[in-house]
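I have placed the structure first, in the form of C-alpha cells, so that the comments after it can refer back to it.
The values are calculated or read from the model by the stated rules, or taken from the named source; none is laboratory data. All values derive from a computational prediction rather than experimental measurement. Glycine also receives a Cβ, built like all others from the backbone with ideal geometry; neighbour counts cover every protein chain displayed.
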Amino acid sequence: MIKVLICDDQEVVRKGLNIILTHADGVEVVGMAENGAEACDLTAKLAPDVVLMDLKMPILNGIEATKKITEKDPDQAVLVLTTYDADDWVFDAIRAGARGYLLKDSNGDEILNALNETVEGRSYLDARIAGKVLNEFRRLQTEPPDKKLKKSDEPTLEFESLTEREMSILEQMATGKSNGEIAAELFLAEGTVKNNVSNIIQKLHANSRTQAIINAFKGGMVDL
C-alpha cells in the first residue's frame, strides 16, 4: 500500500486527487495539506511513502517545502504535481530534492504510474519535462569550460571521491534504474545499494537521486 500525502492550496484539486487516489488499488491517502508549512508538519507526523507536492502555495511554497522535507529525511520521496513547466521551476524543484516532476493535466493512470515509479526508487519525469532535463545535460556536456564559468557566478563544487562500487552504482543510477534493478545488475543486496546511493547523494552535495545525477553530469563523472 502506497501512503500518499496530498499538498495543494486549491481545495478542488485536493479533493479531486483524493477521489482519484482513494479509488485506486494499492494507494492510501493519509493526509492533505493546503500550504508548504503544513506539508512539512504532516510529512513528519504521518511518514507518507510519497508527498505529492504542488509548487505555488502560500506561507511556504512547494520548492521551499521540498527542500526542508528532504534535508530532514533524504529518503523521503517528493513527487511534484504542478501546472508549471518553465525551466526555472523544473530545475529548482530538482535541486530542492524532488524525486519526480509531473504536470497537472496528467490523467489518473499517469499519476498512479508516477507514484509507483517514485516509490520503487526511480526518478520520474513527465515526458514533456524529461526533454528539458536531457537538453540541460547535453548543454552542460557540450559547453566549453570557460563559457560555463562566464555564465555562472556559482563556485565550482569539489566532490568527495567515490569508491569504485559507488561509481558503478552511480553509472546505473544515471540510466534511470531503481535500487532493485541496480542490485540485480551488479549482484548486490538491495540494502547495500540503498546505503551506497545515500553515500553518493551526500558526496555529490545533492538532496535527491536526480540532483546527484545532475551534479555528476556537471562534474563530468558520467556521460549521456
Inset, instruction - Report whether or not Leu162 is surrounded by 15 or more Cβ atoms within 10 Å (Cβ to Cβ) and over 26 Å from Val80 (Cβ atoms). - result: yes
Inset, instruction - For segment 209-224, name all the residues that are of a type outside the set (Gly, Ala, Ser) and over 15 Å from Asp75 (Cα atoms). - result: Ile213, Ile214, Asn215, Phe217, Lys218, Met221, Val222, Asp223, Leu224
Legend entry - Residues (outside any loop (DSSP other than H, G, I, E, B) and in contact with a Cys (Cβ under 8 Å, 6 or more places away or on another chain)) located in segment 48-60: Val51, Leu52, Met53
Inset, instruction - Within segment 1-47, track down each residue that is of a type in the set (S, T, N, Q) and outside any helix (DSSP H, G or I). - result: Gln10, Asn35
Inset, instruction - Determine whether Val119 is touching a residue at least 60 places away in the same chain (Cβ under 8 Å) and within 20 Å of Val13 (Cα to Cα). - result: no
Legend entry - Enumeration of residues in segment 91-113 that are of a type in the set (A, V, I, L, M) and over 15 Å from Ala65 (Cα atoms): Leu102, Leu103, Ile111, Leu112
Inset, instruction - Please find, among Thr82, Thr22, Thr70, Thr66, the residue that is polar (S, T, N, Q) and more than 16 Å from the chain's Cα centre (by Cα). - result: Thr22
Inset, instruction - Mind counting the residues in segment 187-201 that are more than 22 Å from Val50 (Cβ to Cβ) and either acidic (Asp, Glu) or surrounded by fewer than 20 Cβ atoms within 10 Å (Cβ to Cβ) (or both)? - result: 5
Inset, instruction - Mind listing just one residue for me: the one in segment 199-222 that is outside any loop (DSSP other than H, G, I, E, B) and within 14 Å of the chain's Cα centre (by Cα) and, of those, farthest from Leu125 (Cα to Cα)? - result: Ile201
Legend entry - Of all residues making up segment 71-113, the number that are surrounded by 24 or more Cβ atoms within 10 Å (Cβ to Cβ), modelled with pLDDT of 90 or more and part of a helix (DSSP H, G or I): 0
Inset, instruction - Could you please tell me which pairs satisfy a Cβ distance under 8 Å, a separation of 6+ or placement on different chains, a first residue in segment 189-208 that is without any contact (Cβ under 8 Å) to a residue 40 or more places away in the chain and farther than 21 Å from Val78 by Cβ, and a second residue that is surrounded by fewer than 22 Cβ atoms within 10 Å (Cβ to Cβ) and small (Gly, Ala, Ser)? - result: Ala189/Ala183; Glu190/Gly180; Glu190/Ala183; Thr192/Ala183
Inset, instruction - Test Glu64 against the stated conditions and say whether it is surrounded by fewer than 16 Cβ atoms within 10 Å (Cβ to Cβ) and either closer than 28 Å to Ser198 by Cα or at pLDDT below 95 (or both). - result: no
Legend entry - From Ile63, Ile20, residue being β-branched (Val, Ile, Thr) and in contact with an Asp or Glu (Cβ under 8 Å, 6 or more places away or on another chain): Ile63
